[in-house]
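Enquirer: First the structure, which I've put down as structure tokens, then a few questions once you've had a look.
The values are calculated or read from the model by the stated rules, or taken from the named source; none is laboratory data. Everything numeric here is computed off the predicted structure, so don't read it as measured data. Don't worry about glycine lacking a Cβ; one is built from the backbone with ideal geometry, like all the others, and counts go over all protein chains shown. What goes into the accessible areas is simple: the full protein's heavy atoms, side chains included, and nothing from ligands, DNA or RNA. Shrake-Rupley method; radii C 1.70, N 1.55, O 1.52, S 1.80 Å.
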Amino acid sequence: MDIGLTTLQEEDIAKHIPAAHALLQRATVIIPDDDSRSKVELAGTRRRFVSTVSTSNLKRTADVKILNTISGVHADDEMLSVEQHRLAFKLRRAIAVGLAVVDVFSRQTELESLTDKNKASALSGDSATRYHKLLSSAAFVALFTAGSYLLQTIDGDADATADTPDPSFIFDTPHDAAKSFLYGLDSAIDGAPDDAQLLARAKAFARATLEGLMARHARFDDVKTFDEMRIRLDSDDFTLSGLSIEERSTRKPLIMTFKKPEEVVGNHIAKYQSIKLAKMLMAYDFDKQLNPFVEMGGFLFTFIGDGFPGTGKTTLIQMIAGLIKDYCDMAGYTFHYENFGIDQISSYQGKSGQNCKQFVSNVMDPRVIGFGTVDDIDQVAAKRSDDRASAGQQEVTGVLMESFSGANTVVRGNCSFGMFSNYPENVDDALRQRAGARWLVDGPQTAEDYIDIFALLAGKNHSVEVGGHELYATQEIERAVSTAYEQHNEPQEPRLQKVHTKFQKAHGKPETLKEIGLYLHAIKEAEPRFTGRAIKNITDAAKMRAMDIELPDEWFEEPDVFVRQPYETKMEMIAELRGEISLDMIIQEIHRYADSEFRYTEKSDATAVDEAIRNLRVRERAAAEIEVLKEKGQWNA
């Protein structure tokens, strides 16, 4: 069930502000049994007293006055600084927003009705048990919302210099949960040397709270209702998408050299699908946070482009980003492009994975149209079997695998990720198979391509005649793509050709679902990497071909024609153009995908053979030189 987008109003929050403000002034918290921290300061210091006597069987309480802790950063100044006041204000609002979201959660579940019944007379039996379970889930919701609000609304990119204490969770009621949040935050910011660290520690604790909650969410059966909720608070630019941990970052202006489609020579299928992808992204509906192409099939969430150096991968990236930006400028949407590169691999444990998570989160932000690239992915993400790879590269591999096709991956249709490499055979097999499409970026191929690219790059500052050639005629996209797809009626790679020939002798050309399945199994027998995920990618590609419709250019000239239409209207407009999956499409996509797998295997095997030959030659040369040294009496090993 998709509950849809709920917009919080100011009056929903205002009624919880007094309670939130009172908690900031003083909150009496029941300290967890395993917490030995004391609220008693050592004289003349900001450090806390830690008892050496076990009190694990005693229930203790503490009065948390977090406003005093915030003001204590500059103890010599009675007035709060701008940053201190901002944190206090955001914290009060985080608690109030958390309680307001609990109200929404209560209405979506039985909690509201059970609360009314409990006020009339105390519940008992199954009703009481159900009531307490829902209260615990509501406490979880309050904590998750407050942590998310702080994480998204606190500005500052500084890293906390002190260890973040483990959050202490109380799930009795939403108000008790808010108190436990304040207790942990008070410990985290206590002793901050300046305002920058005050904000950094608060943000780090909010992140730790969300991660701790995610590790516990399976205990709460009713949290799945919250996970399906999408909450929007326009005044604070705050969006809550279920259990998604999102962190706002300062968006920098996009500075990039964009390319037009006519400036890309060759790479016909990749160029064609790039143009389609840019238009698909513009069908995204910001209110429903969904894209008709996701619901109807054919949306391209991830793809991998491979080819030799100099074949046009960077140019293709510049073209896609330029197309999407032009469309976003027309519609008034925010466009976010980001590349994850080797410079974001850190020597600090866990930092590379954190950088990669932030990259994915920035691109997947449901409030923007996003395009993310990982250039030279073979250098950025390592094979899990490569013991020479750094820990940072292994972290990135894990994050990308989880983000692109993990249990918590949510494809809304507002963004797409492209991985590019000169050596895709060096990419981890499981990560590579998470790419929904394979683009062979082979650059100019025909004589006409080379004439066109030379004329394009030479410019107009010359008087050399073109000769008997119509410039860019073969680059006409529809004709070029039709020819490019037809090439895949037959396999390209020698090993796949052998499988194809053998299958046709035994069964003839595949014409039924059964024969297609037998053909896929024959490919699997020859290439073990051809797994169930490969079949999914092939069927997704075929669905994309069926949805490979030409959205009219006039739809993207004015925003009101298509991009700002209601979601249902967009669905109807697209459905009228939708085609049907054909047998030729299926065969072509099988060959396109299988060719790429065989190509990667051949490259990997060839590299291994070259390395083995080189090692043998080095050994032979070393043996010969050793014999010479022995003859001279210079070998003493």
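Enquirer: In nm, to one decimal, how far is the modelled label at Ser121 from the one at Ala19, with both set 7 Å along Cα→Cβ?
Expert: The modelled label-to-label distance comes out at 2.6 nm.
Enquirer: Something else about it: Cross-link list Lys279/Lys505; Lys15/Lys119; Lys259/Lys383: which exceed 31 angstrom alpha carbon to alpha carbon?
Expert: Violating the 31 Å limit, Cα to Cα: Lys279/Lys505; Lys259/Lys383.
Enquirer: Can you bin every Cα-Cα distance in the chain into 20 Å intervals starting at zero and give me the percent of pairs per bin, rounded to whole numbers?
Expert: In order of increasing distance, the bins hold 16, 41, 29, 13, 1, 0 percent.
Enquirer: HN-Hα J couplings of the stretch 312-317 from phi, Karplus 6.51/-1.76/1.60, θ = phi - 60°, integer Hz, Gly and Pro as x?
Expert: Per-residue couplings from phi come out as x, 5, 5, 4, 5, 4 Hz.
Enquirer: Can you compute 3J(HN,Hα) from phi for each residue in the stretch 559-570, using the Karplus curve 6.51 cos²θ - 1.76 cosθ + 1.60 with θ = phi - 60°, rounded to whole Hz and x for Gly and Pro?
Expert: Per residue, the Karplus-derived 3J(HN,Hα) values read x, 6, 5, 9, 5, 9, 6, x, 4, 5, 5, 4 Hz.
Enquirer: Now for a different question. What full-extension length gain, to one decimal in nm, is calculated for Trp635 and Asp155 as 0.36 nm per residue of separation minus the Cα-Cα distance?
Expert: Here the segment from Trp635 to Asp155 would lengthen by 166.1 nm.
Enquirer: Just to make sure I understand: if all protein chains stay in place, what is the order of Leu583, Leu440, Leu185, Leu135 by accessible area at 1.4 Å, largest first?
Expert: Leu440, Leu583, Leu135, Leu185
Enquirer: Kindly sort Lys524, Lys357 by accessible area of their heavy atoms, largest first, with the probe set to 1.4 Å.
Expert: I get Lys357, Lys524, largest accessible area first.
Enquirer: Helix 447-458 versus the longest principal axis of the chain: what angle, 0 to 90°, nearest 10, using Cα atoms?
Expert: So the inclination is approximately 60 degrees.
Enquirer: Right, something else. Along the charge dipole of the chain, which of Leu290, Thr314, Ile13 sits closest to the positive end, that is, farthest toward it, with unit charges on the beta carbon of Lys, Arg, Asp and Glu (+1, +1, -1, -1)?
Expert: Ile13
Enquirer: Right, another one. For the cross-link pairs Lys179/Lys351; Lys203/Lys351; Lys276/Lys313, which exceed 21 Å when the distance is taken from alpha carbon to alpha carbon?
Expert: Lys179/Lys351
Enquirer: Further, regarding this structure: Measure nothing fancy, just the Cα-based angle from helix 111-120's long axis to the longest principal axis of the chain, in degrees from 0 to 90, nearest 10.
Expert: 10
Enquirer: Which far-off residues, 5 or more places away or on another chain, put their amide H under 5 Å from the one on Gly370, with H placed in the peptide plane?
Expert: HN-HN under 5 Å from Gly370: His336, Cys415, Ser416.
Enquirer: Now for a separate question. Rounded to the nearest 20 Debye, what is the dipole magnitude of the chain about its Cα centre when Lys and Arg each give +1 and Asp and Glu each give -1 at the C-beta?
Expert: That gives a dipole near 1860 debye.
Enquirer: Would you kindly calculate the translational diffusion coefficient of the stretch 112-189, applying Stokes-Einstein with the Kirkwood radius from alpha carbon pairs, for 37 °C and a viscosity of 0.692 mPa s, and quote it in µm² s⁻¹ without decimals?
Expert: The estimated diffusion coefficient comes to 227 µm²/s.
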